[in-house]
Amino acid sequence: MKSTVEQLSPTRVRINVEVPFEELKGDFDRAYQALAQQIRIPGFRPGKAPAKLLEARVGRGAVLEQVVNDALPARYSEAVTTAEVKVIGQPEIEITKLEDGEELTFTAEVDVRPEITLPDFAGISVSVDPIEINDEDVADQLLSLRQRFGTLTGVERAVQSGDFVSIDLSATVDGAEVPEAQTTGLSHEVGSGQLIEGLDEAIIGLSAGESADFTSNLVAGDHAGKESVITVTVGSVKERELPEADDEFAQLASEFDTIAELEADLRERVARVKRVEQAGAIRDKVLEALLEQVEVPLPEAVVKAEVDAVVHDAVHGLDHDEDKFNALLEEQGSSREEFDKDTNEAAERSVKTQLLLDSIAEAENTQVGQDELMERILFQAQRYGMSPDQFIQQIQQANQLGAVFADVRRGKALAAVVERATVTDTDGNAVDTSELFGGGSDDDAEAVVEGAAEAVDAEAGDEK
């Protein structure tokens, strides 16, 4: 087999392949074996009929078609491997010559990863806010802990923010009831904003047994996005009583004997969270600096595939009705033109990020261990509320295990760049990133590297 590669653009090549017929003997043998199992010829046992009789039965053209269809994928893969072409999409294959007994030639046009000139990572400089821990941060943590140990007590008064209520809900659209929007005995924390927009404002001031109407857009069902009149009825009102923040509470809620020891531990927890948050800001700014400095040619077909996937997901819940989707965008104060523009820009950024970090990973010879891949899988399984076994089965069925691996590799590549960049806070102090991005066993470092993979995943659009 002979193959050559033509560079059509920085992101696309044409592979020309010539296959002499003598190299297709194995493909012909397999085609005849398959036909022999499917076709019964009198006088011969299944699978034993001679090739010429089989060919006479189905025709030479059918045999050639079977051979070519079977041969093309393997010969294409061989040509890609031989030429060391880094393909990133599906090929467009065209048979250019098929002379029986002589030669099979075909071309394959495919998107490839472009050559990218990487900067000196040590020359990247970013600035982030300094870590500041104040008494309010610790007080908020202590309040959250006290709330976990609080008790709910029924009260005979009107609803206030922070209360826990039992409510009934019903809705109408254009005067017609919406059955799927009705519910009874629903528990809700007033002020949390976790349910329908406008609900908390309608509830506050009501007492048990009282009702109120308000308008809001439904977020699901056949009437998603439509304005509806919602009726809420309060069934019961409870307030949360918090335990005193004293030594007795410290012993109840922690391994510490005194409230002072508990508060000191909470201060250290706040510090860890702030360090990880600062590391996230550093990571994002370094990635932004990379994207601004590096020229990355974008494969149009890959960008289009990302855009098409987003559009498909957006209209899927509307029975793929473009008119409904456009009307929904208008109700949200947007337009199809704005949506398409934003989607295309996001897809271009996503593809650019992936290509850039893949090039960095290759240049840095970034490796991903089995334990690192499993950590990522466990993290995502928890995120989606699935068991690790269920999640692994799902991504294997969707052929997404490679995508998870790529996200981890890109995250590690980004972390390696961050470690070499110059980072200061806005007060002018140098920030040591080695502890957070050094890839050691420290819990903070693991959280940051995992966060880098998560950030790359978010840039790509998590469709798993």
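Residues of the stretch 5-25 being over 15 Å from Val68 (Cβ atoms) and either in the same structural domain as Ser359 (by TED's automatic domain parsing) or touching a residue at least 24 places away in the same chain (Cβ under 8 Å) (or both), which ones? Val5, Leu8, Ser9, Pro10, Thr11, Arg12, Val13, Arg14, Ile15, Asn16, listed by residue number. If the condition is being assigned to a loop (DSSP other than H, G, I, E, B), out of contact with any helix residue (DSSP H, G or I) (no Cβ under 7 Å at 6 or more places or on another chain) and not hydroxyl-bearing (Ser, Thr, Tyr), then the stretch 173-206 contributes Asp174, Gly175, Val178, Gln182, Gln194, Leu195, Ile196, Glu197, Gly198, Ile204, Gly205, Leu206. Screening the stretch 207-228 for residues that are in contact (Cβ under 8 Å) with a residue 24 or more places away in the chain and part of a strand (DSSP E or B) and picking the one that is surrounded by the fewest Cβ atoms within 10 Å (Cβ to Cβ) gives Glu227. So, of the residues in the stretch 52-79 that are of a type in the set (A, V, I, L, M, F, W, C) and closer than 14 Å to Glu18 by Cα, which turns out to be surrounded by the most Cβ atoms within 10 Å (Cβ to Cβ)? Per the stated criteria, the residue is Ala79. Checking each residue of the stretch 267-277 against the condition of being of a type outside the set (Phe, Trp, Tyr), under 22 Å from the mean Cα position of the chain (by Cα) and at pLDDT below 95 gives at least one match. Among the residues of the stretch 152-172, those that are in contact with a Lys or Arg (Cβ under 7 Å, 6 or more places away or on another chain) and part of a strand (DSSP E or B) comprise Leu152, Thr153, Gly154, Phe164. In this entry, Val296 passes the filter for residues that are in a loop (DSSP other than H, G, I, E, B), among the aliphatic types (A, V, I, L, M), closer than 30 Å to Ala406 by Cβ and out of contact with any Asp or Glu (no Cβ under 8 Å at 6 or more places or on another chain). Which one is surrounded by the fewest Cβ atoms within 10 Å (Cβ to Cβ) among residues in the stretch 362-384 that are of a type in the set (Asp, Glu) and more than 15 Å from Ala415 (Cβ to Cβ)? In this case the residue turns out to be Asp371.
The values are calculated or read from the model by the stated rules, or taken from the named source; none is laboratory data. Small disclaimer: the values here were computed from a predicted structure and weren't measured. All Cβ positions, even for glycine, are placed from backbone atoms using ideal geometry, and neighbour counts span all protein chains on display.
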